[in-house]
Amino acid sequence: MQVSVNTNDNINGTLVLPLWQDSDSMAEGSEAGVPRSLKNQIETILAAGDFKAKSGTAMTLAGTDGGKAMLIGLGKADDATLQSMREAGAKVTASLSKIHGKTITVKFSGMEGDHMGAFVEGMILRDYSYDKYKSKDDDDDSDDSEIHAHVTCEADKIEDLHKSANLSLAVASGVYLARDLGNAPPNDLYPMAFAEQAIEFGKEHDNVKVTIINYEQALSMGMGGLVGVGMGSARKPCMVIFEINPDMPGPSPCIVGKGITFDTGGISLKPPPSMDEMKYDMHGSATTFGVMQALVASGHKERVIGVTCMAENMPSSNAQRPGDVIKTYSGKTVEVLNTDAEGRLVLSDGLWYTGTHLNPSYIIDLATLTGACVVALGHEASGLWSNDDDLRNKIKEAGEHCGEIAWPMPLFKAFEKEMTDSKIADVRNLGAGRWGGSNTAAAFLKQFIPNKDGTDEQIPWAHLDIAGTAWGAKTNKLVKTGATGIHVRTLHHLITGQ
Ligand code: BES
Ligand code: ZN
Ligand code: ZN
């Protein structure tokens, strides 16, 4: 989507008119430039109460003189939130059809700057589809060109809205990238394919350094978690390290992503229904890459690190077995009781490597880690665990601001105890019982957060379980289908304050 912001009264293409609930006329100042017959139609419909402008509603009108309009319901002004505004903006994009054409003019009048910004952000975020693998018929005359959105508002609000629209476009480029990676089929997006794309990204930007730890290196470095999960696949595992502005001084935020490009469960094979969805099991790594893209696009100047732990979890004669004991990069041993609890194994190496080599101010990992998290929170929120109250609060606030809820979950000592009482190793990768599975998974990860140098206090760390939010939320109005790009915006906001 191209977005231009101005005070011009000209209406290019379809007029989009956002309206508060129960408006009985057009807002003052918004009539300028509207063709007479269209204006009469809009006024008649509003005066008669035929469009109530409830949130989530839209109506298309066509004037006799050729003008077209889309009325968009914002709901009650008193109930408006940034998220309701994003959803109203998304409704515009979702409702655009052939008759509206690809050029629209959104006329804001008397609206708060933040609300207008969120509306435009919603239009942009909903303007995504994954069509890479669809062939186009010769007789298909559908117009797949870009949408041109002209946005107009009062002169004194133009500059702020212009800035906010540009920021939304920059951050959305990271969201789109995360969605592209998440949606990619697992035969094409395997660990080294992700690494190749990261290397290209590094070449494209002077302020980005990308380093790969390949399978052989991981083996010789003793990354038994990453190697154990990935060795059953012909497509070997790797770790990808992104450094944005590597020459700026640390300590710096570090984002770590689970990147299982396909999770069959391994020898602890998953049941067939919905197994195809396990292509999304790399969404933690997709979000990590997306955050890097968003930071570069928005011109962030500080050092930020991303680490993704890439592997394909397959059953084979060379796969790890339930009962195996592996030695992780931290030196701690893990009894692998279920090969389907693989995300925590690859992350154990990624977290320890990040903590000991990359000078973090804090570490945040993202992982489609447990079905139990979906049981607990449905598709409405990611689970959020942290060893640091301040970090937890900041992530929660950033998530709320962006409409990407991260909901605090507990790290009770009992969960850690449960995960460290293996009879033959330091840690077990499966809880003793089936209850609280997302909490025991988080407690497992906590064992792999190093202490701050020379102290017995751990590096501030938070874990986001995105199993329910990475795809499949029918209530997420900013996404048509497939991967959501969850938390690219949360983390960009947390890191930059923008
Ligand atoms: N990738 C899955 C978790 C998952 C399941 C995400 C469904 C989204 C939807 C993960 O690797 C897994 O299989 N976890 C197991 C852990 C169990 C064996 C302790 C699970 O959740 O069942
Ligand atoms: Zn699994
Ligand atoms: Zn998994």
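What to note about this one:
- Any pair with Cβ under 6 angstrom, 6 or more apart, that starts in segment 352-368 at a residue that is among the polar types (S, T, N, Q) and ends at one that is part of a strand (DSSP E or B) and at pLDDT below 95: none
- Subset of segment 23-38 [touching an Asp or Glu at 6+ places or on another chain (Cβ under 6 Å), surrounded by fewer than 16 Cβ atoms within 10 Å (Cβ to Cβ) and not small (Gly, Ala, Ser)]: none
- Among residues of segment 337-371, those that are in contact with a Gly (Cβ under 7 Å, 6 or more places away or on another chain), under 23 Å from Lys423 (Cβ atoms) and within 13 Å of ligand 2 (Cβ to nearest atom), counted: 4
- Test: residue in segment 369-386 that is assigned by TED's automatic domain parsing to the domain that holds His463, touching a His at 6+ places or on another chain (Cβ under 9 Å), more than 16 Å from ligand 3 (Cβ to nearest atom) and over 22 Å from Gly454 (Cα atoms): yes
- Remark: Pro272 matches the filter, which requires a residue to be assigned to a loop (DSSP other than H, G, I, E, B), within 16 Å of ligand 2 (Cβ to nearest atom) and either under 20 Å from Asn183 (Cα atoms) or outside the structural domain of Cys238 (by TED's automatic domain parsing) (or both).
- From the list Gly343, Gly331, the lone residue that is assigned by TED's automatic domain parsing to the domain that holds Cys402 and either without any contact (Cβ under 8 Å) to a residue 60 or more places away in the chain or more than 15 Å from ligand 3 (Cβ to nearest atom) (or both) is Gly331.
- Scanning segment 420-445 for residues that are surrounded by fewer than 20 Cβ atoms within 10 Å (Cβ to Cβ) and closer than 17 Å to Trp352 by Cβ gives Thr420, Ala425, Asp426.
- Taken together, Gly355, Gly257, Gly350, Gly323 contain a single residue that is within 14 Å of ligand 1 (Cβ to nearest atom) and closer than 28 Å to Gly371 by Cβ, which is Gly257.
- Subset of segment 441-485 (residues that are in a loop (DSSP other than H, G, I, E, B) and within 16 Å of ligand 3 (Cβ to nearest atom)): Ile466, Ala467, Gly468, Thr469, Ala470, Trp471, Gly472, Ala483
- Take the conditions (1) under 24 Å from the mean Cα position of the chain (by Cα); (2) within 16 Å of ligand 1 (Cβ to nearest atom); Asp388 misses just one of them, which is (2).
- Meeting the requirement of 3 or more residues that are under 31 Å from the mean Cα position of the chain (by Cα), the strands (runs of 3 or more DSSP E) wholly within segment 1-91 are 2-6, 14-19, 68-73.
- Those residues of segment 219-254 which are surrounded by fewer than 24 Cβ atoms within 10 Å (Cβ to Cβ) and farther than 26 Å from Leu491 by Cβ, in sequence order: Leu219, Ser220, Met221, Gly222, Met231, Gly232, Ser233, Ala234, Arg235, Lys236
- Selection of segment 325-373 for residues being more than 22 Å from the chain's Cα centre (by Cα), of a type outside the set (Val, Ile, Thr) and assigned to a loop (DSSP other than H, G, I, E, B) yields Tyr329, Ser330, Gly331, Lys332, Leu337, Asn338, Asp340, Ala341, Leu358, Asn359.
- Positions within segment 294-324 being under 15 Å from Phe242 (Cβ atoms) and either assigned to a strand (DSSP E or B) or hydrophobic (A, V, I, L, M, F, W, C) (or both), in sequence order: Ala294, Leu295, Val296, Ala297, Val304, Ile305, Gly306, Val307, Thr308, Cys309, Met310
- Within segment 165-269, helices (runs of 4 or more DSSP H) holding 1 or more residues that are closer than 17 Å to Phe289 by Cα and either free of Cβ contacts under 8 Å to residues at least 24 places away in the same chain or within 16 Å of ligand 2 (Cβ to nearest atom) (or both): 191-204
- Criterion (over 27 Å from the mean Cα position of the chain (by Cα) and either at pLDDT 95 or above or of a type in the set (Val, Ile, Thr) (or both)) met by exactly one of Lys107, Lys102: Lys107
- With respect to the conditions (1) under 20 Å from Ser233 (Cα atoms); (2) more than 16 Å from ligand 1 (Cβ to nearest atom), Tyr329 lacks only one, and its number is (1).
- Selected residue (criterion: nearest to Arg86 (Cα to Cα)) from residues of segment 472-495 that are of a type in the set (Lys, Arg) and at pLDDT 95 or above: Lys477
The values are calculated or read from the model by the stated rules, or taken from the named source; none is laboratory data. Nothing here was measured: the structure is a model prediction, and the numbers come from that model. Glycine gets a Cβ as well: all are built from the backbone with ideal geometry, and neighbour counts include every protein chain shown.
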